[in-house]
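Worksheet for the structure shown next.
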Amino acid sequence: MLTGFVADRVGMMWVLLVLALLWSITQLPVLSWATGAALLVGRIALGAAEGPGAATASVAAFGWFPPTAADFRRH
């Protein structure tokens, strides 16, 4: 919900860019310190950054197509 609010204010592409950067940054500690704690904290942070990604990407993709292309019932 918060991501949708921010995406409406800032723009979908910026939110997706920030999410992609967060995904990348949260994976760096696992590369540097391969400990159990780093894996646990990194995975929790990655999940928090990954969560809103699918919904935001779906809304962004839906906006790229004209409204007539969104009607799947047409033959």
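For residue 13 and residue 28, the difference between the fully extended length at 0.36 nm per residue and the C-alpha to C-alpha distance is 3.1 nm. Packing around the peptides 27-37, 41-51, taken as the average count of other Cβ atoms within 10 Å per residue, puts them in this order, highest first: 41-51, 27-37.
No value in this document is a laboratory result; all are computed from the given coordinates. Since the structure is predicted, the reported quantities are computational estimates derived from the model, not experimental observations. With ideal geometry, Cβ positions are generated from the backbone for all residues, glycine too; neighbour counts draw on all protein chains shown.
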